[in-house]
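Undergrad: Could you have a look at this structure, given as structure tokens, before my questions?
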Amino acid sequence: MSASGSRGPESPPVSRPGEQGPLLPLATPQVVVFDLDYTLLRPSDLFEAPGYVRTGERFGLALDAACWPQAERAAFEAVAARREETGLVHDDHLLEVIARAIIDGLGGGPRGAVELTARAVISAWSSAENFGLYDDVLPCLEAINAAGLRMALLSNALGHGVEEIVAHFALDDYMAAAVSSLETGAVKPAPRMFSTLFGLLGVAPEEAVMVGDSLEEDVDGAVACGCPAILLDRSGRRRDVVVPRIETLAELPAALGLHV
């Protein structure tokens, strides 16, 4: 739910899927750092329009799935307002802010029913069983592992613990370290998140590459700390931005200069 910028005619070209443009490949790093949610971890449709509608029905709400784009925008604005209020700190109440904004954006209803629906959505988000790995994740991790690079996780981890996810999906064979906002008390793009992980790994920022689905949190946050970054744009909606960008993790090894 990130805002997209516009690309003017004078802007340099952006790399397209399947070709190495002027921004890719990057120099091969020592460590590849991954975001978690929507990068490796795919939420089920419980957290999209159909799921909200089904959950709302359980509590007597008639939510309108056709209003999903407006609901997403409302959630984005609610998160921005909350962050303006709290700063870049770990916020256990942010999921509630998101759930309520989406429910209201889909039509809302009686306060009690909205409250029960929000609680159900938040509870579902805390369970690893309601998530899966994207199909491109394990082949990508295997390729990077085979190339001898270390990997790590850096997650804002709202509603579920990174350790739980790593254990549930058997990612500990791949990840040399994992840092979450729950541990640091800060959220990406706060420098503390990145410096904590780099300290654990014993690498300088320029020796790593950050890969994530958020331009603001993952890419801008990493670059501000001196760490190269790649935007994972699974929806293809960020083709206007001039940053290293891929649309699937199948493209990542080549984007890191690996020949596998």
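Please treat every number below as a calculation from the coordinates, not as lab data. All of these numbers come straight from a predicted model, not from anything done at the bench. Ideal geometry is used to build each Cβ from the backbone, glycine not excepted, and the neighbour counts take in all protein chains shown.
Undergrad: Go through Val114, Leu24, Ala204 and say which Cα lies farthest out towards the positive end of the charge dipole of the chain; charges sit on Cβ, +1 for Lys and Arg, -1 for Asp and Glu.
TA: Val114
Undergrad: Compute the length gained on full extension between Glu84 and Ser195: take 0.36 nm times their separation in residues and subtract their Cα-Cα distance, giving the result in nm to one decimal. Display every interim value, and only then the final one.
TA: Numbers: separation 111, 0.36 × 111 = 39.96 nm, distance 2.27 nm.
Contour length minus Cα-Cα distance gives 37.7 nm.
Undergrad: Let me ask something additional. Scan the chain and note any complete DSSP helix (H) whose C-alpha atoms cover at least 18 Å along its axis and whose Kyte-Doolittle average is -1.0 or more. List each step's numbers first, then the result.
TA: On the way: long enough: 68-86 (26 Å, -0.86); 111-125 (21 Å, 0.57).
Passing helices, by number: 68-86, 111-125.
Undergrad: Would you calculate, for the chain, the mean residue ellipticity at 222 nm contributed by helices, counting each DSSP H stretch of 4 or more residues as -39,500 (n - 2.57) and dividing by all residues, to the nearest 500? Working shown, then result.
TA: Working: 10 runs with 96 residues, N = 260.
For the chain, the value works out to -10500 deg cm²/dmol.
Undergrad: Please rank His160, His90, fewest neighbouring Cβ atoms within 10 Å first, as an exposure proxy. Could you put the intermediate results ahead of the total?
TA: Working: His160 22, His90 19.
Starting with the residue having the fewest Cβ neighbours, the order is His90, His160.
Undergrad: Also, I was wondering about something else. How high is the relative contact order of the chain? Use alpha-carbon pairs under 8 Å, at least six apart in sequence, and give a whole percent.
TA: Values: 449 pairs, mean separation 73.4, N = 260.
Once divided by the residue count of the chain, the mean separation gives 28 percent.
Undergrad: Computed from the mean reciprocal separation of all distinct C-alpha pairs, what Kirkwood hydrodynamic radius does the range 39-148 have, in Å? Show your work: numbers first, answer last.
TA: Values: mean 1/r = 0.0654 Å⁻¹.
Result for the range 39-148 stands at 15.3 Å.
Undergrad: To continue, here is another question. How long is the gain from Ser123 to Arg234 if the chain were fully straight, where each residue apart is worth 0.36 nm and the alpha carbon distance is subtracted?
TA: On the way: separation 111, 0.36 × 111 = 39.96 nm, distance 2.61 nm.
So the chain would gain 37.4 nm between Ser123 and Arg234.
Undergrad: Which net charge results for the neighbourhood of Gly105, defined as the other residues with beta-carbon distances under 11 angstrom from its beta-carbon, given Lys and Arg at +1 and Asp and Glu at -1?
TA: Values: positive: Arg73, Arg100; negative: Asp64, Glu72, Glu77, Asp104.
It works out to a net charge of -2.
Undergrad: Express the relative contact order of the range 44-129 as a whole percentage, based on alpha carbon pairs under 8 Å and six or more residues apart in sequence. Can you show the working numbers first?
TA: Details: 97 pairs, mean separation 33.0, N = 86.
Relative contact order here is 38 percent.
Undergrad: Anyone know which of Ala190, Ala229, Ala146 comes out most mobile in the 10 Å Cα GNM of the chain?
TA: Per the Cα network of the chain with a 10 Å cutoff, Ala146 tops the list.
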